[in-house]
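Remarks on the structure that follows.
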Amino acid sequence: MTEFRGTPRAPATRRVALVVSRYHELITGKLLEGARACCREHGVRDDHVDVLWTPGAFELPVVAEAAASSGRYAAIVALGCVIRGETPHFDYVAGEAARGLGNVALAHQVPVGFGVLTVDTPEQAEARAGGSAGNKGFEAAEAALATADLLAQLPRAAR
């Protein structure tokens, strides 16, 4: 039996796209800092990280799709923040962002780290963007890098 286990290491040539929503930029900027720190910690050079800004979380999938289609990136990390309000807008934006990002990963076999906060309050967002609940941007980048490493280990026919 062969066992493959991805680790968040990165060869010097690996490129990563960080796709970041400008909406709630005080939060997403902190998620970006976490994702960048993760990339550095795991061997991705700063000049191998591209930051792609979108207007909001709803636009993350289309930009992630373009990044994946380019063949340039070993991993993509989507960073955004959707805070529940008084209307169902939250459900549509959060749901479509999640669905779209998942579709990108499956269609291109490129890991897409899901660093989109879906929270009820700004305080919950702050806690998850470097506060008491850690930095979900760091965690999303780590998951994407580990998955990229795992995919690189798999025999080509299995992919």
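The values are calculated or read from the model by the stated rules, or taken from the named source; none is laboratory data. A quick note: this is a predicted structure, and the numbers were derived from the prediction, not measured. When we count neighbours, we look across all protein chains shown, and the Cβ atoms used for this are built from the backbone with ideal geometry, even at glycine.
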message = Looking at (1) β-branched (V, I, T); (2) more than 14 Å from the chain's Cα centre (by Cα); (3) not in a helix (DSSP H, G or I), which one does V19 not meet, given that it meets all the others?
response = (2)
request  = Determine whether H42 is surrounded by fewer than 19 Cβ atoms within 10 Å (Cβ to Cβ) and in contact with a helix residue (DSSP H, G or I) (Cβ under 6 Å, 6 or more places away or on another chain).
outcome  = yes
inquiry  = Suppose the filter is closer than 17 Å to G29 by Cα, buried (at least 18 other Cβ atoms within 10 Å of the Cβ) and aliphatic (A, V, I, L, M); does V93 pass it?
reply    = no
query = Quick one: would you say A78 is assigned to a strand (DSSP E or B), out of contact with any Ser or Thr (no Cβ under 8 Å at 6 or more places or on another chain) and in contact (Cβ under 8 Å) with a residue 12 or more places away in the chain?
reply = yes
ask   = How many residues are over 21 Å from A17 (Cβ atoms) and not in a strand (DSSP E or B) when one looks only at region 110-145?
value = 11
remark   = Out of (1) modelled with pLDDT of 95 or more; (2) out of contact with any strand residue (DSSP E or B) (no Cβ under 6 Å at 6 or more places or on another chain); (3) surrounded by fewer than 20 Cβ atoms within 10 Å (Cβ to Cβ); (4) not aliphatic (A, V, I, L, M), the one G56 does not meet is (2)
